[in-house]
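Written below as structure tokens is the structure these notes are about.
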Amino acid sequence: MSIRLLQAVFLSGVHTAVDGATLSLDGAIEADLVSQGKAVWVLPPRATGDSVHDAAHATIGAPYSLRFPGFVRSLLASLVASATASRTSNVVTVVATAHGITPGAYFVGFNFFYPGSPSLAAGWYGPIISIDSANITFTAVGANFGSESVNGGAIYTSLTDVASVVIPATQVVADANISVIGYRGGDTSSATKSMRMYLNGLNVNTNGLTTTPFVRFQATAVLLDSGKAAGHGGFDNLSSVTEYMQSVPIGADTTLLVKASVSAASGFVYVLSIRALIT
């Protein structure tokens, strides 16, 4: 099998740049680069038509699976109004009484989305060091700063990027099913905890939870020969009631992006595991 690099690497001491070329290396090296998220498999093009499509799958031998490069277990919280934060010795302490995140050690080691303040830009930071009923601490390297308002004193409800990956053009063919499969959780309040799947920046499905604390989810889009993608989101065998229809060109590299949001104060959503699967 062959691979295509997603980032520059050293191979046998030689710097190898990302130039779109297909590389054929020792199988163990290829597998290692793919498992690290530094490369993707390049498989034979999948032709359309039922019999040819089935034959191509038989050649591949398995569904095409993609890791999301750099993904780490992640927690997104709406926090509460008037939350504040400070940083000392590369540790940020968020003070948000009744923030709603489960206290204790469970989320230690996760990445945490920080909504932003004057001295620290919004973004994913981590790992989380500790959580109690009123405080969250996490690592973020930088200069010390005193107490300042988080997100301008408002709760955080914006759609937020969680993970993304580029699907190679050889897999973007008519009748392909592109799925995001993972395990997610959150609080049990009535706040809506949504996860959305995008192809080339277009929303192809949404699934949301309220009082259900955790679930295995699958969001799927089907590529049509008209250059459209039809999609819906579900949890195991429970489907959403909304079908999305978006334009997704066949035969071109396609960016798959997963976003999340929380609708109300003291809500949170976390993602333990996430993977893309093309069948």
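List of remarks:
- Contact map, segment 178-204: first residue free of Cβ contacts under 8 Å to residues at least 40 places away in the same chain and within 22 Å of S266 (Cβ to Cβ), second residue of a type in the set (V, I, T) and open to solvent by 10 Å² or more (accessible area, probe 1.4 Å), Cβ cut-off under 7 Å, separation 6 or more or different chains; pairs are T188/T211.
- Some residue of segment 126-133 being surrounded by 18 or more Cβ atoms within 10 Å (Cβ to Cβ), of a type outside the set (G, A, S) and in a strand (DSSP E or B): yes
- Residues considered: V95, V108. Of these, the only one that is over 24 Å from the mean Cα position of the chain (by Cα), open to solvent by 40 Å² or more (accessible area, probe 1.4 Å) and of a type outside the set (S, T, Y) is V95.
- Considering (1) out of contact with any Asp or Glu (no Cβ under 9 Å at 6 or more places or on another chain); (2) touching a residue at least 60 places away in the same chain (Cβ under 8 Å), the lone condition that F112 does not fulfil carries the number (2).
- Unmet criterion (only one of (1) at pLDDT 95 or above; (2) in contact with a Gly (Cβ under 8 Å, 6 or more places away or on another chain); (3) surrounded by fewer than 17 Cβ atoms within 10 Å (Cβ to Cβ)) for A143: (2)
- Test for D132: is it more than 20 Å from the chain's Cα centre (by Cα), more than 20 Å from F68 (Cβ to Cβ) and at pLDDT 95 or above: yes
- Single unsatisfied condition, A121 versus (1) open to solvent by less than 60 Å² (accessible area, probe 1.4 Å); (2) of a type in the set (A, V, I, L, M, F, W, C); (3) without any contact (Cβ under 8 Å) to a residue 24 or more places away in the chain: (1)
- Residue within segment 147-161 that is buried (at least 22 other Cβ atoms within 10 Å of the Cβ) and touching a Lys or Arg at 6+ places or on another chain (Cβ under 8 Å) present: no
- Taking first residues from segment 234-257 that are of a type in the set (A, V, I, L, M, F, W, C) and modelled with pLDDT under 55 and partners that are surrounded by fewer than 18 Cβ atoms within 10 Å (Cβ to Cβ) and part of a strand (DSSP E or B), the Cβ contacts under 8 Å between residues at least 6 apart in sequence or on separate chains come to F235/V215; F235/R216.
The values are calculated or read from the model by the stated rules, or taken from the named source; none is laboratory data. Bear in mind that the values here come from a model prediction, so they are computed numbers and not experimental data. Here the Cβ is made from the backbone with ideal geometry for all residues, glycine too, and neighbour counts use every protein chain on show. When the accessible area is computed, the model is the full protein with side chains, heavy atoms only, and any ligands, DNA or RNA have been set aside. Shrake-Rupley method; radii C 1.70, N 1.55, O 1.52, S 1.80 Å.
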